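See below for the structure under consideration.
The values are calculated or read from the model by the stated rules, or taken from the named source; none is laboratory data. No experiment lies behind these values; they were computed from the predicted model shown. When we count neighbours, we look across all protein chains shown, and the Cβ atoms used for this are built from the backbone with ideal geometry, even at glycine. Heads up: the accessible areas ignore ligands, DNA and RNA and are worked out on the full protein's heavy atoms, side chains in. Shrake-Rupley method; radii C 1.70, N 1.55, O 1.52, S 1.80 Å.
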Amino acid sequence: ATVELDGAQVPIQTITETIRTDLGAETIVTFDFVPHHGLIVPGSRVACTAEDAAPCEVGKEQALSIAWTGNQPSNEAAAFLDLYTAQNVDDARTAFRKFEVGGQTLVSVDASGNIDYTSSVRIPVRQAGALTFDPETLDGASPCYVLDGRGTMEWTGENLDERYIPHGRNPESGFIATANADPVGVTANGNALDGVDAADPADDFYIGCDFARGNRIARITERLETLVGAGGITPEDMSALQNDAVSPFGRILTPLMLAELERARAERTSPGMHPDLSAAVTELEGSMDAIEAAATRLAAWERFDTPAAVEGTPSANAIADSVATSIFNVAMGHLMRLTFDDELDLHADGALDGAIRRSNALGTTIVLMATDVESLATYDADRMDSVLWDDLSTDAVETRGDRVVRAMAAALEWLETRFATATMDDWRWGRLHTVQLDAVIPIGVLGSDPLSIPTPDDAIFPDGFPRHGDRDVVDASNFGVFDFERIDYGSGPQQRLVVEMSPTGPTAWNALPGGNSEDPDGPFHRNEMERWRHNEVTQVPFTEAEVVASAQSRIRFTP
């Protein structure tokens, strides 16, 4: 078998691997390898059919191969070894240049008071054919998407010069903030090929497109600007910032929901006032009282805080915010599915819900549909809205109002069933949004689950600890944008590190999720869990004397 490249046929290579298990069994697997691209994704090699677009032709096959810089030699460990002896931010930046695969960022500070941000990654320079995407017409090619592998879109063999990769030194703002977001705005206009300066044609190059949505960095920047303006930032201020759980999606989408629910209330009061909502309001009459009560709850959610409100004696404000958080997030999950399921043809079992790229892309899309719909290619001037609100499986033309009202009705039904009560004050977010640290070894080997924190037989929290936060909050606690069946904690901070730099050296405070030991009977298996989940940090021993003085035990290994 061969693949086409620049008009020539290049043989596909075969790689055979033998995988051995601890029990002595062997499994032989075979991979197809395209020399200039990399491995062909197993299962992607399929016959072309008459329905496939060119260049796929009947009698040929098509496949997806992956080219990755990580398949080339690199030495990331050297970056950290050099950092150990760095004397200033220049040394640190130079050391970090050796980190080439799996792009990372480094923030450093030195004794002269300099603060520095650098990112380091090997970015291949592409042929011009890979850099033709037009966000207005949606035509052309981009490394953000699958590229034609027949030539004109290949790597040139060179890497993007370091001067085009984001860096920063002593910014006027007085702070550096990072949160996996687009660091220089290359994706701000929907075209990741514009480089840093979209007005300069010579600046057209690609550094990436798979960034976080930017909600976290926006909130972090907002908080830091306030702190800098007030002056005298303390470690306690930084720890409190890490604990921030204001909902960015709540801030953006709640006004949209409230506007449409108000239109529904008006349609209920005066039928025919909003014809696009007539069918929904009539069909959902039995739910309209509850929908209006939910709207009242959301209207009072002014701070958009997302407390768990489960432990201790939460205040009335905390309970109100917690209930609003539950209503909003479950409604948002239903709204996402009502809006996009028909276009994406998602599986009924929700198997694709957790896809990170789909979550990012459609989370951004729903925000633009609410705030800047005319910027979207799906904007219809006649409807004065995006065509995505319409359900392609029906003959009717659904509007955003119809989708919002039906999503809210479905959310309230789900919440009432989930909590087994229609009393909204019982719909506390912390009973839905929980975190459990799963064991990292096959539990079947042990016959139980003694390693997870908390364990499934925990007397107080068998389903996990209640958590604040929702999607994209600063104190990350994410779950997929389509989720309403499972909205527990998906991912978040692996530590709560705050470091203060002073003339005498750094002072650090931290808390780890769990502890330092996998021994469930040991004192350090979960000794930091309570601090971590309540964002209560403790000072970390730093000097040799501090470490020795803090030691609880010592283990010596001898030959």
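Below are the figures for this structure:
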{"read-out": "DSSP-loop GluC sites (Glu not before Pro) across segment 136-176, with at most 11 other Cβ within 10 angstrom", "value": "Glu136, Glu172"}
{"read-out": "Debye intensity ratio in log₁₀ form over the Cα atoms of the chain, taken at each q of 0.08, 0.11, 0.12 Å⁻¹", "value": "-0.71, -1.33, -1.48"}
{"read-out": "Positive dipole terminus of the chain, leading residue within Ile176, Cys144, Ile487 (C-beta point charges)", "value": "Ile176"}
{"read-out": "Amide H within-cut-off set for Gly151, under 5 Å, with H built and near neighbours excluded", "value": "Asp6"}
{"read-out": "Residue-normalised accessible area of segment 1-77, given per residue in Å² at a 1.4 Å probe", "value": "72"}
{"read-out": "Per-residue HN-Hα couplings for segment 535-541 [Karplus 6.51, -1.76, 1.60; θ = phi - 60°; Hz; x = Gly/Pro]", "value": "6, 10, 8, 10, 5, 9, x"}
{"read-out": "Spin-label pair Asp382/Asn516, simplified geometry with 7 Å Cα→Cβ offset, distance in nm", "value": "6.9"}
{"read-out": "Added length on full extension, which subtracts the Cα-Cα distance from 0.36 nm per residue, Phe524 to Gln552", "value": "9.1 nm"}
{"read-out": "Ordering of 462-468, 80-86, 223-229 by burial proxy (mean other Cβ atoms within 10 Å per residue, highest first)", "value": "462-468, 223-229, 80-86"}
{"read-out": "Highest average packing first - 239-250, 510-521, Cβ atoms within 10 Å", "value": "239-250, 510-521"}
{"read-out": "Spherically averaged projected area in nm², based on the convex hull that wraps the Cα atoms of segment 203-255", "value": "6.3"}
{"read-out": "Cα convex hull of segment 364-443, projected area averaged across orientations, nm²", "value": "9.7"}
{"read-out": "Note, ³J(HN,Hα) from phi for segment 8-13, Karplus 6.51, -1.76, 1.60, rounded to Hz, x at Gly and Pro", "value": "9, 9, 10, x, 7, 8"}
{"read-out": "Hydrodynamic radius by Kirkwood, which averages 1/r over all alpha carbon pairs of segment 250-354, in angstrom", "value": "15.5"}
{"read-out": "Amide hydrogen neighbours beyond the local backbone of Gln104, cut-off 5 Å, H modeled", "value": "Ser120"}
{"read-out": "Under-5 Å amide H pairs with Asp52, H placed in peptide plane, nonlocal only", "value": "none"}
{"read-out": "Sorted largest first, extent of segment 382-532 alpha carbons per principal axis (Å)", "value": "65, 50, 33"}
{"read-out": "In Å², nearest 10: area of Ser315 left accessible to a 1.4 Å probe", "value": "60"}
{"read-out": "Rg ratio (alpha-carbon, reference 2.2 N^0.38 Å) - segment 97-156", "value": "1.66"}
{"read-out": "Globularity ratio of segment 90-203, using Cα Rg and 2.2 N^0.38 Å", "value": "1.22"}
{"read-out": "3J(HN,Hα) from dihedral phi, segment 147-161, Karplus parametrisation 6.51/-1.76/1.60, rounded to Hz, x for glycine, proline", "value": "9, 5, x, 8, x, 6, 10, 8, 5, 7, x, 9, 10, 4, 4"}
{"read-out": "Simple spin-label estimate for Thr94 and Leu160 in nanometres, 7 Å along Cα-Cβ", "value": "2.5"}
{"read-out": "Förster radius 41 Å - calculated FRET efficiency between Asp6 and Tyr84 (Cβ-Cβ, nearest 0.05)", "value": "0.35"}
